[in-house]
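All remarks here apply to the structure that follows.
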Amino acid sequence: MDLFNIIKELETRADTARALMDLFNIINELEARADTARALDMSRYMKNRFPFFGIQAPIRDEICKPYFKDAKKEKKIDWDFVEYCWQHEKRECQYVAAHYLKSLQKFLEITDFEKLKKLVIKKSWWDTVDILDRIIGSLIYRDETLKKEILKWSVDDNIWLRRVAIDHQLLRKEKTDTNLLEKILVNNLNHTEFFINKAIGWALRDYSKTNPQWVKDFIGKYKNNMASLSIREASKYI
């Protein structure tokens with residue numbers, strides 16, 4: 001390698017290192033704005049499953065926005081940062097990681113699918129899962145070979161993988177794969193889990209804004225196997 005290329009490589013590495021440092025500084029800013037009283041309220045709202053810094057979403061978004069803007073210049077996901085955030089005890093760090101992935105989701109690669117799966121099943125609760133679902137959905141939309149994997153999730157013992165499978169096409173509108181949607185929903189009928197039945201209702205309610213007749217037909221066909229919660233949510237706009 002000639003001297004010019006060596007210098008360029010070193011500059012690239014230095015730029016990457018600076019970007020990584022910038023991302024990790026998000027956590028420092030969150031720590032600096034910690035609010036103990038609010039943290040207790042936020043933890044109680046989440047049934048005391050997680051400790052919090054006590055940073056509300058608008059402030060967290062304000063902190064993250066310039067960092068994420070710079071991170072896009074790298075055109076790749078910093079999985080070290082994501083993993084660090086997911087291991088952090090404070091719940092806002094998982095929110096930061098999830099929104100970071102959402103901001104850079106166009107740079108996700110097929111090989112990231114298993115990494116996303118690990119995020120779904122680690123520190124699982126609706127607050128992070130409901131951010132990850134459409135991030136995962138965006139990857140599946142770009143590579144249809146992943147449809148067979150999301151079908152596997154729809155029958156997994158882990159309820160959060162099922163929930164992601166059910167709702168990964170939210171807001172897809174006319175681009176919704178109705179055959180896939182129906183298979184996933186049918187795989188989850190006759191379920192007693194609240195978070196599954198709620199997700200079924202949401203998926204149908206969302207798609208009813210685009211194709212109300214399809215949703216009516218689905219309910220008519222499967223209502224004897226659907227939870228009343230699912231039917232109620234699905235029927236909101238039809």
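Below, the figures for the structure above:
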read-out	value
Inter-centroid distance (Cα atoms) of the stretch 145-222 relative to the stretch 21-98, Å	30
Cα-based helix-to-principal-axis angle, 3-32 vs the chain, degrees rounded to 10	60
Per-pair calculated FRET efficiency, R0 = 22 Å: Asp143 and Asn225 via Cβ, rounded to 0.05	0.10
Cβ crowding within 10 Å averaged over residues, with 131-139, 82-90, 66-74 ranked highest first	131-139, 82-90, 66-74
Carbon + sulfur, % of accessible area of the chain - ligands and nucleic acids excluded, 1.4 Å	51
Expected 222 nm ellipticity per residue - DSSP helices of 4 or more, -39500 (n - 2.57), all of the chain, to 500	-21000 deg cm²/dmol
In range of the label at Asp41: residues from the stretch 62-99 whose backbone nitrogen is under 18 Å from the point 7 Å along Cα→Cβ	91-92
Extension gain, Arg232 back to Lys183 (0.36 nm per residue minus Cα-Cα distance, nm)	15.6 nm
Relative contact order computed over the stretch 99-238 (Cα-Cα under 8 Å; 6+ residues apart), in percent	19
Cα-Cα over 29 Å, subset of Lys72/Lys118; Lys115/Lys236; Lys75/Lys183	Lys115/Lys236; Lys75/Lys183
Residues of the stretch 86-238: accessible area per residue with a 1.4 Å probe, Å²	46
Estimated inter-spin distance, Asn190 and Lys122, nm [label 7 Å along Cα→Cβ]	3.5
0 to 90° range, to nearest 10: angle between helix 57-71 axis and the chain longest Cα axis	60
Burial ranking of peptide ranges 185-191, 98-104 (average Cβ count within 10 Å, highest at the top)	98-104, 185-191
Net charge contributed by nearby residues that have their C-beta within less than 15 Å of Ala57 (K/R +1, D/E -1)	-1
Helix axis angle, 194-208 relative to the chain longest principal axis, alpha carbon, degrees	80
Links that overshoot a 28 Å alpha carbon limit, given the list Lys117/Lys175; Lys102/Lys223; Lys47/Lys73; Lys175/Lys198	Lys102/Lys223; Lys47/Lys73
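The values are calculated or read from the model by the stated rules, or taken from the named source; none is laboratory data. What you see is a predicted model; the values in this text were computed from it and never measured. Glycine also receives a Cβ, built like all others from the backbone with ideal geometry; neighbour counts cover every protein chain displayed. Accessible surface is based on the protein model in full, side chains and every heavy atom, while ligands, DNA and RNA are left aside. Shrake-Rupley method; radii C 1.70, N 1.55, O 1.52, S 1.80 Å.
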